[in-house]
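The values are calculated or read from the model by the stated rules, or taken from the named source; none is laboratory data. Remember, it's a predicted structure, so these values are computed and weren't measured experimentally. A quick note on method: Cβ atoms are made from the backbone with ideal geometry, for glycine too, and the neighbour counts reach across all protein chains shown. These area figures cover heavy atoms from the full protein model, side chains too; ligands, DNA and RNA do not enter into them. Shrake-Rupley method; radii C 1.70, N 1.55, O 1.52, S 1.80 Å.
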Amino acid sequence: MSAGRLPRTLRLDPSDTFVFVRAAEPGEWAVTGSFLFFDTDLATLAGKERAAFRSGFVGIDSLGFSTLVVVSEASEAEREAAVEVLARHIHERFGAPDREAARAAAREEIEVAASLCNLPVGSVVAMHRSERDGEIREEFRTLHQRAAGADPLHGRAFHFVETDEDGPEEQADLVGLLNGASAGAERA
């Protein structure tokens, strides 16, 4: 049983659950998923569907989207199981004429995904998908770990914190704060 590498979905924070209509579960085997957009009028995509087109890898179990994947070891049995799961989706959900045609398409998708994994295990990969001249194009980049001792929050625009949804909603009286600041400045 020879081992190879395949990408797995990676969720570093809950943002995929906000960005996409359906987020992939962490740890699913993944493919680029461009085939999901072949019969789509890309000019009409908006919001979460547009985000999925632009940057979503596809988890093969859920057909949900993931912004990032991680290069992972995959046994031959795991690879074949991934092909079968994807082939079932291609046949049942996307209308492949028969199971063999679906299996051939799934193998091709898995091969493309495997070709992204000529990197060390644990490497994180992001994708940008676009349409140019009537063709879907995919560009990939590898994300590198921060240097030791670097500020872990440096460079983040948002930091998500899970809260109890039943708790009181925080509200700020910005006008009151500004009036209070003005009054304090007048006193000084």
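Details
- Annotation for the stretch 1-42: trypsin sites (Lys or Arg not before Pro) lying in DSSP loop with at most 13 further Cβ atoms inside 10 Å of their Cβ do not exist.
- Prolate/oblate/rounded call for the stretch 1-117, Cα gyration tensor, a/c under 1.5 rounded: oblate
- Sorted largest first by accessible area at a 1.4 angstrom probe radius, with every protein chain in place, the residues 12, 116, 63 fall in the order 12, 116, 63.
- Potential extension, residue 92-residue 12 segment - 0.36 nm per residue separation minus Cα distance: 25.7 nm
- Listed residues 38, 65 arranged by accessible area, highest first, probe 1.4 Å: 38, 65
- Cα-centred dipole magnitude for the stretch 1-84, charges only on beta-carbon of K, R (+1) and D, E (-1), debye, nearest 20: 360
- Rolling a 1.4 Å probe over the protein heavy atoms gives the stretch 1-119 an accessible area of 48 Å² per residue.
- Based on C-alpha pairs under 8 angstrom that are at least 6 apart in sequence, the stretch 42-106 has a relative contact order of 21 percent.
- Qualifying trypsin sites (Lys or Arg not before Pro) in the stretch 70-149, DSSP loop, other Cβ atoms within 10 Å at most 12: 93, 146
- Within the stretch 44-108: Cβ-based charge dipole about Cα centre, in debye rounded to nearest 20 (Lys, Arg +1; Asp, Glu -1): 420
- Taking the empirical scaling 2.2 N^0.38 Å for compact globular proteins as reference, the stretch 6-67 has a Cα radius of gyration ratio of 1.04.
- Between the stretch 66-126 and the stretch 14-42, the Cα center-to-center distance that results, in Å: 13
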